[in-house]
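The values are calculated or read from the model by the stated rules, or taken from the named source; none is laboratory data. Small disclaimer: the values here were computed from a predicted structure and weren't measured. Please note: Cβ atoms are built from the backbone with ideal geometry, for glycine as well, and neighbour counts cover all protein chains shown.
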């Protein structure tokens, strides 16, 4: 039996819950917060993990998993190296998407919006809250650049550990900080039997209000 035949035969019936427009919050950030709380209560592994998709200057999409570190009325916050591949792509095009998938709850959330850097003060505050080893790692890694071997990183970490003692204040490097994705469309997906899934789409109107619609699965 070929891998294609095995994969084609995989099936899972989704039966846990339903999702109706009248049962959702008036805005997607509130609804997302509700679902995130339920994911946390259910002890879903890595509930804040999200697939961030960006588009490069030559029009090529690229995706990777990052962690959600904040959520408010303005949007979804994460932190990374500004000089990384994704940082360069976001400098070129501010249009990005985020996808959350919680298979244990048979749920998915897709976010489309515009990304921008958070304030330097917000980046400083978060960087200062990170474990010391994570701060050292941010300084040591030329993220997304080609390196000859892992020893280069380990040597850099060793040098930085020697430079900063345990009590030292490790300042945030200028090339590292936060982004916020302000959504203009958010879709909530709840798995249902026979692939007749529930999909509720929030779209932001020209007046800045949120409109809800059910989508066919």
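Tabulated data for the structure shown
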| item | result |
| --- | --- |
| Lone unmet requirement of (1) in a helix (DSSP H, G or I); (2) exposed (fewer than 14 other Cβ atoms within 10 Å of the Cβ) for residue 146 | (1) |
| Any hit, the range 37-48, residues being surrounded by 13 or more Cβ atoms within 10 Å (Cβ to Cβ) and modelled with pLDDT under 95 | no |
| Checking residue 171 against (1) under 23 Å from residue 85 (Cβ atoms); (2) in a loop (DSSP other than H, G, I, E, B); (3) within 26 Å of the chain's Cα centre (by Cα), the condition it does not meet | (1) |
| Members of the range 174-217 that are closer than 30 Å to residue 137 by Cα and in a strand (DSSP E or B) | 176, 177, 178, 179, 180, 181, 182 |
| The range 58-93: number of residues that are surrounded by fewer than 16 Cβ atoms within 10 Å (Cβ to Cβ), without any contact (Cβ under 8 Å) to a residue 24 or more places away in the chain and either under 13 Å from the mean Cα position of the chain (by Cα) or in a loop (DSSP other than H, G, I, E, B) (or both) | 7 |
| Checklist (1) more than 15 Å from the chain's Cα centre (by Cα); (2) farther than 30 Å from residue 16 by Cα; (3) at pLDDT 95 or above applied to residue 107, failing item | (2) |
| Test: residue in the range 5-25 that is closer than 16 Å to residue 111 by Cβ, touching a helix residue (DSSP H, G or I) at 6+ places or on another chain (Cβ under 7 Å) and touching a residue at least 12 places away in the same chain (Cβ under 8 Å) | yes |
| Selection status of residue 18, closer than 23 Å to residue 204 by Cβ and either more than 22 Å from the chain's Cα centre (by Cα) or at pLDDT 95 or above (or both) | no |
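Table: residues versus (1) farther than 21 Å from residue 64 by Cα; (2) modelled with pLDDT under 95; (3) surrounded by fewer than 14 Cβ atoms within 10 Å (Cβ to Cβ); (4) in contact with a strand residue (DSSP E or B) (Cβ under 9 Å, 6 or more places away or on another chain).
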site: 119; (1), (2), (3), (4): yes, no, yes, yes
site: 122; (1), (2), (3), (4): yes, no, no, yes
site: 125; (1), (2), (3), (4): yes, no, yes, no
site: 141; (1), (2), (3), (4): no, yes, no, yes
site: 155; (1), (2), (3), (4): yes, no, yes, no
site: 169; (1), (2), (3), (4): yes, yes, yes, no
site: 174; (1), (2), (3), (4): yes, no, yes, no
site: 177; (1), (2), (3), (4): no, no, no, yes
site: 181; (1), (2), (3), (4): no, no, no, yes
